[in-house]
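Report on the structure given below.
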Amino acid sequence: MADLQKAMAESARAVSETLDRLLKVGGGRESRLMEAMRYSSLGGGKRIRPFMVTAGARLFAVAESCALRAAAAVEMAHCYSLVHDDLPAMDDDDLRRGQPTCHVRFDEATAILAGDALLTRAFEVLADVPTHPDPQVRSQLVLALAKASGAEGMVGGQMLDLLAKNERLDMPEITRLQRMKTGALIAFACEAGAILGKAAEPARHALRAYAHDLGLAFQIADDLLDVEGTAAEVGKKTGKDAAAGKATFVSLLGIERAKAQAQMLAEQAGRHLEMFDEKADYLHELARFVVNRRA
Ligand code: GRG
């Protein structure tokens, strides 16, 4: 674990530096927008998705500068989703990453615009030449992020989530919702390194399968933290799912079975990585970290 923690800390530092460079405040009156974008993306977070990109890119000897740009783009898309998810029209939260949420620190309209601009900047970064010399690779990255974050991915999952309040979803319905809402972006993060490295289909397939199991394990761990964690630990309000009457993996399975299911999925995720040998050690450890985390 010590190695993983060091590698994650190093990746998080490099990703924050990259975000800092890619989100420079200009001089115009609109600079408040960039300040809100920086506030929402530079202030903490575990940086799990960017780590998936950098750890995946290592498997294919991708240049670090390219991997870090893709990693920063994933984090921008993730931060946009958090900013919009926290808005009064959605989850109406005032705490995120241990800080006031974007709409509390700025205002609602600015938070909507900051989210919009973070997502747009993510695509701009992927489409720009320094991300990869081959335009086909850049276009594949843009396409994959668009699919992962749009109506068939994260935004579609969020729609299902809003519709599900006070409904009794069953396991297949919750699994589909979570695969779209959180799994799709995680899958993109795991596959981005393979796209950058022009990896062959079997390797890409293995990473997608890893991401599929890891994404569900991640979500079950998130549901468990909502029940068992404290706001001080996780940096956001807890107990929200039960208060909203939301069906989750934990409400359906109970705490003990949900924990066992998360562990089983993490082990299964690791088994998809066999073809990469010890080059995938960080990804193996990450699967264990995701289900044992306390934040
Ligand atoms: C509003 C378009 C739109 C989408 C919202 C992903 C999402 C959909 C909302 C986030 C809210 C949430 C709590 C989702 C459950 C899982 C999740 C994405 C948790 C947050 O991710 P972490 O734990 O957060 O990686 P940090 O802060 O560490 O980056």
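Some observations on this one:
- Breaking point among (1) modelled with pLDDT of 95 or more; (2) touching a Phe, Trp or Tyr at 6+ places or on another chain (Cβ under 9 Å), for Met275: (2)
- Criterion: crowded, with 19+ Cβ neighbours inside 10 Å, within 19 Å of Val53 (Cα to Cα), out of contact with any Asp or Glu (no Cβ under 6 Å at 6 or more places or on another chain) and in contact (Cβ under 8 Å) with a residue 60 or more places away in the chain - qualifying residue of Ser81, Ser65: Ser81
- Residues of the range 28-56 classified as open to solvent by 40 Å² or more (accessible area, probe 1.4 Å), away from the ligand (no atom under 15 Å from the Cβ) and either touching a strand residue (DSSP E or B) at 6+ places or on another chain (Cβ under 8 Å) or not hydrophobic (A, V, I, L, M, F, W, C) (or both), total: 5
- The single condition among (1) at pLDDT 95 or above; (2) open to solvent by 30 Å² or more (accessible area, probe 1.4 Å); (3) within 16 Å of the ligand (Cβ to nearest atom) that Met8 does not meet is (2).
- All conditions in (1) within 16 Å of the ligand (Cβ to nearest atom); (2) among the small types (Gly, Ala, Ser); (3) within 25 Å of Ala14 (Cα to Cα); (4) open to solvent by 20 Å² or more (accessible area, probe 1.4 Å) hold for Ala89, with the sole exception of (3).
- The set of residues from the range 266-295 being surrounded by fewer than 17 Cβ atoms within 10 Å (Cβ to Cβ), away from the ligand (no atom under 16 Å from the Cβ) and more than 14 Å from Arg208 (Cα to Cα) comprises Glu267, Asp277, Glu278, Lys279, Asp281.
- Residue list for the range 194-253, restricted to those being part of a loop (DSSP other than H, G, I, E, B) and of a type in the set (Lys, Arg): Lys198, Lys236, Lys237, Lys246
- Consider the range 156-182 and keep the residues that are within 10 Å of the ligand (Cβ to nearest atom) and within 18 Å of Ile220 (Cβ to Cβ). The one that is most open to solvent (accessible area, probe 1.4 Å) is Lys181.
- Answer from Pro88, Pro50 - the residue that is touching a helix residue (DSSP H, G or I) at 6+ places or on another chain (Cβ under 8 Å) and free of Cβ contacts under 8 Å to residues at least 24 places away in the same chain: Pro88
- For the range 92-110, a residue qualifies if it is under 18 Å from Glu35 (Cβ atoms) and more than 11 Å from the ligand (Cβ to nearest atom), and the qualifying residues are Pro100, Thr101, Cys102, His103, Val104, Arg105, Phe106, Asp107, Glu108, Ala109, Thr110.
The values are calculated or read from the model by the stated rules, or taken from the named source; none is laboratory data. If you're wondering where the values come from, they're calculated on a predicted model, not measured in any experiment. Every residue, glycine as well, gets a Cβ built from its backbone with ideal geometry; the counts of neighbours run over all protein chains shown. To get the accessible areas, we keep the full protein, side chains included, count just its heavy atoms, and leave off ligands, DNA and RNA. Shrake-Rupley method; radii C 1.70, N 1.55, O 1.52, S 1.80 Å.
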